[in-house]
Ligand SMILES: Cc1cc2nc3c(=O)[nH]c(=O)nc-3n(C[C@H](O)[C@H](O)[C@H](O)COP(=O)(O)O)c2cc1C
C-alpha cells in the first residue's frame with residue numbers, strides 16, 4: 001500500500017521537459033496502463049492519439065498556447081468515442097469518467113517510469129480537433145505531454161482529510 005502512496009506522491013504536474021526521447025518499450029507499457037483502466041460496463045470508449053511528429057506537437061500549441069506542451073517528445077490526447085459511452089438510466093454520461101481513469105493510470109505509470117505528465121483540460125476544443133483530425137464522434141477530453149522532467153517536484157498542496165471525508169452522511173464527523 002505504501003508503494004502506491006509513494007507513487008501517488010511522486011506524480012506531479014510537470015511543466016518543463018528535457019530534450020530527450022522516451023524509449024518505445026516504456027511508451028508502450030504506459031499506454032498499456034491506460035488500456036487496463038476500468039470503464040463503465042467495460043465499454044472502453046477510449047481513443048488515445050500519440051503525437052510524436054514535431055510539426056503536430058507544435059501545431060497543438062494553437063489549442064494550448066504554452067510552449068512546454070511541445071517541449072516533451074510526446075503529447076498524448078485522450079479522447080472519448082462518444083457513441084460508445086455508457087449512460088445511466090437518468091441520462092448521466094460516464095465517458096469523461098472513463099477517460100479520466102485511463103489518464104490517471106497513464107500519469108501514474110509514467111511517474112513510476114521516471115517520466116513526467118500534466119493533465120491539460122484548458123485547451124481549445126475546435127483547434128485540438130482540427131490538428132488531431134478527429135471525426136465528430138470523437139471528443140478530445142484531456143491532453144498531456146510525456147517526457148523526462150526538467151523540473152523538481154513541488155510540495156503537494158492538498159486539503160486535509162477532515163475537509164473532504166464525511167463519515168456516514170454529509171457533515172458526519174469521525175469518531
Ligand atoms: C481535469 C484536470 C484538468 C487540468 N487542466 C490543466 C491545464 O489545462 N493546465 C495545467 O497547467 N494544469 C492542469 N491541470 C493540473 C492541475 O492544475 C494540477 O493537477 C493540480 O494543481 C495539482 O497539482 P499536481 O498535479 O502537481 O499534484 C489539470 C488537472 C486536472 C485533474
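Read-outs throughout are calculated quantities, based only on the coordinates presented, and are distinct from any laboratory measurement. Computed from a prediction, not measured in an experiment: that's the story for all the values here. Heads up, the Cβs are rebuilt from the backbone with ideal geometry, glycines too, and the neighbour counts pull from every protein chain shown.
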message: Starting from 0.36 nm per residue, how many nanometres of slack lie between residue 58 and residue 157 once their C-alpha separation is accounted for?
response: 32.5 nm
task: Report the label-to-label distance for residue 96 and residue 166 in nanometres (one decimal), using points 7 Å from each Cα along the Cα→Cβ vector.
output: 2.0
message: Full-extension gain between residue 48 and residue 6, please, as 0.36 nm times their residue separation minus the C-alpha to C-alpha distance.
response: 12.4 nm
message: For a quick check: sort 68, 119 by the number of other beta carbons within 10 angstrom, fewest at the front.
response: 119, 68
message: More than 27 angstrom separation, counting every C-alpha pair in the chain; what % is that?
response: 32
statement: Kirkwood-based Rg/Rh on the Cα set of the stretch 87-164 evaluates to 1.05
- line: GNM on the chain, Cα springs under 10 Å; top mean-square fluctuation among 67, 45, 149 goes to 67
